[in-house]
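Working notes, structure below.
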Amino acid sequence: MTDAAFWDSSAIVPLCLQQKNSSEVRRLLRSYGITVWWSAPVEARSALSRELRDRNITPREHRESILKLEKIREDWIEVLPEVSLRSIAEELPDRYGLRAADALHLAAAYDWAMQRPAGRPFISGDKRLLDAAEKMGFRTIAV
């Protein structure tokens, strides 16, 4: 890994399950370390459980995906919740039309970038979140 990037949960799930963009996301993992918002593991587990409920994966694939998530977590950095981060997040739904969880992800990325996001990589599969991150100054990478 040569650089750090902020990864939204939507970019983490393809590392755990075979999805159409998994190859691309794995390629990004070779270039960028993972920094995530504190709730990313919960969001990823929710997505993995949804795949099982929707019968897109088998119970065995679900267990394997959770093990992959746990392995990935060993090396990532989590941005922890703080009052200052929440204050930043509170303004983002009005400014960029984000949902609460996405506002918290973007505020965490902004905090991780030390409030200087210019050129810092932000990886996500969520177009609205990518648009907001780009307007904030991040270099966005869509997956």
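What follows is calculated from the coordinates using simple rules that are stated; it is not laboratory data. From a predicted model like this one, the values you see are computed outputs, not experimental measurements. Positions of Cβ are backbone-derived with ideal geometry, glycine not excepted, and every protein chain shown enters the neighbour counts.
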Inset, instruction - Anything over 24 Å Cα to Cα? Flag those among 20/127; 20/68; 68/135, in the order listed. - result: 68/135
Legend entry - Rounded to the nearest 20 debye, dipole of the chain from Cβ charges on Lys, Arg, Asp, Glu: 460 debye
Legend entry - Estimated inter-spin distance, residue 94 and residue 20, nm [label 7 Å along Cα→Cβ]: 3.8 nm
Inset, instruction - Let me have the 222 nm mean residue ellipticity of the chain computed from DSSP H runs of 4+ only, each contributing -39500 (n - 2.57), with the sum over all residues rounded to the nearest 500. - result: -18000 deg cm²/dmol
Legend entry - Positive-end extreme of charge dipole, the chain - chosen from 15, 87, 39 (charges on Cβ): 15
